[in-house]
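See structure below.
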Amino acid sequence: MAMSLDLIRTQPYTDWSPEVSPETQATLRRELEQGAVLYFPNLHFRFAPGEERFLDSRYSDGKSKNINLRANEGAVRGAAGTQQDLTDLYNLIRRYAESTESLIHALFPEYGPHMTRAGTSLRPSEIAGRPVSWRKDDTRLHVDAFPSNPLLGKRLLRVFHNIDPEAPRVWRVGEPFADFAGRFVPKTHGMWPGQSWLMKTLHITKRARSEYDHRMLQLHDLAKADLDYQKSVPQQEFQFPPGSTWIVFSDQLLHAAMRGKAMMEQTIYLDPAAIGDRTHSPEAVLSKMLGKPMLAA
Ligand code: SIN
Ligand code: FE
């Protein structure tokens, strides 16, 4: 039997621009940076009239499971429908991006100057039972890391919202990053000379991969491939009910999404300089374990 944890920190806010005292801001920031889930059961994101139709996965184009909006783009990707549908989807997803951004500004004013809006998505398909390879299987515990998009130490701050009116979104969350790293870092490898340059030249990566990205990707894969670890690691299941919101550092918190129908998600890149206490940051943990800085190219 896996040991249990308590990583969920429940918050009272009902508004996307809440008034938060400096003391509370400091507490929330500390908890988030330590790897907790900030959970807002009463922070609802409302559909405008007619938008509920997008709960139906027929608005996905069939190739991508998500409908995405990239920051600074004027149209969504991965969607199918009439021009009006695409405009309405854009407005919905854009509104979510703006709501989450104002929430982050209200909760973590220190992050403001260091954050960059990345993708926003609507994920209108049931998670359970999807046929995917083990590497893409997000029902296995993992930390987020991207093969082609090296982040060079930028943090992944994500704001999730369960937009389904009926089904909870069921997650598992696992042990602290330092424990996870302690188990798997000895099985990871550095890059060979020229590898970073070659992957960039061949367009395998969008920019040169740092050792940090290289090790994080291996950690992602090692965790997902180890079924015994998946079962035995200290973990907790949590059901995010319809209409609830939660915030995590998804490059730090071990997470898995087990069941759920429709979610919205905002990704924010955060400069590492924004982190108040870097002790728990993946980059700091890896640099310490390996005895050298991870971000030298
Ligand atoms: C993930 O980030 O691993 C998936 C989250 C979700 O679909 O709930
Ligand atoms: Fe993930």
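Only one of the listed residues (Glu110, Glu101, Glu126) is away from ligand 2 (no atom under 16 Å from the Cβ) and out of contact with any strand residue (DSSP E or B) (no Cβ under 9 Å at 6 or more places or on another chain). That residue is Glu110.
Checked against (1) modelled with pLDDT under 95; (2) over 24 Å from Gln230 (Cα atoms); (3) not β-branched (Val, Ile, Thr), Ala48 meets all criteria but (1). Exactly one residue out of Ala145, Ala118 is modelled with pLDDT of 95 or more, outside any helix (DSSP H, G or I) and out of contact with any helix residue (DSSP H, G or I) (no Cβ under 6 Å at 6 or more places or on another chain): that is Ala118. Quick one: how many residues across the range 19-54 are more than 21 Å from the chain's Cα centre (by Cα), of a type in the set (A, V, I, L, M, F, W, C) and over 19 Å from His105 (Cβ atoms)? Adding up the residues that qualify gives 3. Kindly indicate the residue of the range 224-242 that is touching a Lys or Arg at 6+ places or on another chain (Cβ under 6 Å) and not in a strand (DSSP E or B) and also surrounded by the most Cβ atoms within 10 Å (Cβ to Cβ) among those meeting that condition. The qualifying residue surrounded by the most Cβ atoms within 10 Å (Cβ to Cβ) is Lys224.
The residues in the range 6-25 that are out of contact with any Leu (no Cβ under 7 Å at 6 or more places or on another chain) and either surrounded by 15 or more Cβ atoms within 10 Å (Cβ to Cβ) or without any contact (Cβ under 8 Å) to a residue 40 or more places away in the chain (or both) can be counted, and the count is 10.
Residues are listed down the side, and each one gets a yes or a no for (1) surrounded by 15 or more Cβ atoms within 10 Å (Cβ to Cβ); (2) of a type in the set (A, V, I, L, M); (3) away from ligand 2 (no atom under 16 Å from the Cβ); (4) on the phi < 0 side of the Ramachandran plot:
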site: Arg135; (1), (2), (3), (4): no, no, no, yes
site: Phe146; (1), (2), (3), (4): yes, no, no, yes
site: Gly153; (1), (2), (3), (4): yes, no, yes, no
site: Phe160; (1), (2), (3), (4): yes, no, no, yes
site: Phe177; (1), (2), (3), (4): yes, no, no, yes
site: Ala181; (1), (2), (3), (4): yes, yes, yes, yes
site: Pro186; (1), (2), (3), (4): no, no, yes, yes
site: Met199; (1), (2), (3), (4): yes, yes, yes, yes
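Which residues, taken from the range 121-139, are more than 9 Å from ligand 1 (Cβ to nearest atom) and assigned to a loop (DSSP other than H, G, I, E, B)? The answer is Pro124, Ser125, Glu126, Ala128, Gly129, Arg130, Pro131, Val132, Ser133, Asp137. Within the range 45-69, residues that are in contact (Cβ under 8 Å) with a residue 12 or more places away in the chain reach partners that are charged (D, E, K, R) with beta carbons closer than 7 Å, at six or more positions or on different chains, in the pairs Gly50/Asp88; Glu51/Asp88; Leu55/Asp164; Tyr59/Asp85; Lys65/Arg123; Asn66/Arg123; Asn68/Arg77; Leu69/Arg94.
The values are calculated or read from the model by the stated rules, or taken from the named source; none is laboratory data. In this text the structure is predicted, and so the values were computed from the model without any measurement. Note that we place each Cβ from the backbone using ideal geometry, even for glycine, and neighbour counts take in every protein chain shown.
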